[in-house]
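Structure record follows, encoded as structure tokens.
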Amino acid sequence: MNFNSILIGSEDPKRLANFYTKLFGKPVWDESGYTGWQIGNGFVTVGPHDQVKGGNAQPGRLIWNIESPDVKADFERLKAAGAKVIRDPYSPDQEPEGLIATFADPDDNYFQLTSPMDMAPG
């Protein structure tokens, strides 16, 4: 299997599309109310969903990550583009050489920048 994308449902997908366009540039597709960007090998899409109303009441339940070789520089770039900072870059105890920074979109969905991690088994 290959995990390749995430869909973020919203009551106001146009607002999210405008937000993510400021962060990630021109979307790779925009049709039928769905707008998507390719980030590395994966895709993030925003669109309407009839079961979603208002902001995310539990934004920590699902957090999607973007790997970055320079978390601090990309943090500053996304912050300047309008991403709401939840937590500045920090080093978690178990990975002192790695960094994580957390942001929220206008619907209060969390996403993070992370340093590259070795996920190889063993």
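The values are calculated or read from the model by the stated rules, or taken from the named source; none is laboratory data. Because the structure is predicted, anything quoted here is derived from the model rather than measured. Counting neighbours? That spans all protein chains shown, and the Cβs are built from the backbone with ideal geometry, glycine included. Note: areas computed on protein heavy atoms with side chains; ligands, DNA, RNA excluded. Shrake-Rupley method; radii C 1.70, N 1.55, O 1.52, S 1.80 Å.
Over 5 Å intervals from 0, what percent of Cα-Cα pairs in the chain sits in each interval?
Using 5 Å bins, I get a P(r) of 2, 10, 20, 24, 20, 13, 7, 3, 1 for the chain.
Just the number, please: carbon plus sulfur as a percent of the accessible area of segment 4-109, 1.4 Å probe, no ligands or DNA/RNA counted.
The value for segment 4-109 is 47 percent carbon and sulfur by accessible area.
With +1 on each Lys and Arg Cβ and -1 on each Asp and Glu Cβ, how big is the dipole of the chain about its Cα centre, in debye rounded to the nearest 20?
Roughly 360 debye, rounded to the nearest 20.
Apply the Karplus parameterisation 6.51 cos²θ - 1.76 cosθ + 1.60, with θ equal to phi minus 60°, to every residue of segment 32-37 and state each ³J(HN,Hα) to the nearest whole Hz, in sequence, with x for glycine and proline.
6, x, 10, 10, x, 10
Measuring with a 1.4 Å probe in the full set of protein chains, what accessible area per residue, in whole Å², belongs to segment 1-76?
For segment 1-76, the per-residue accessible area is 68 Å².
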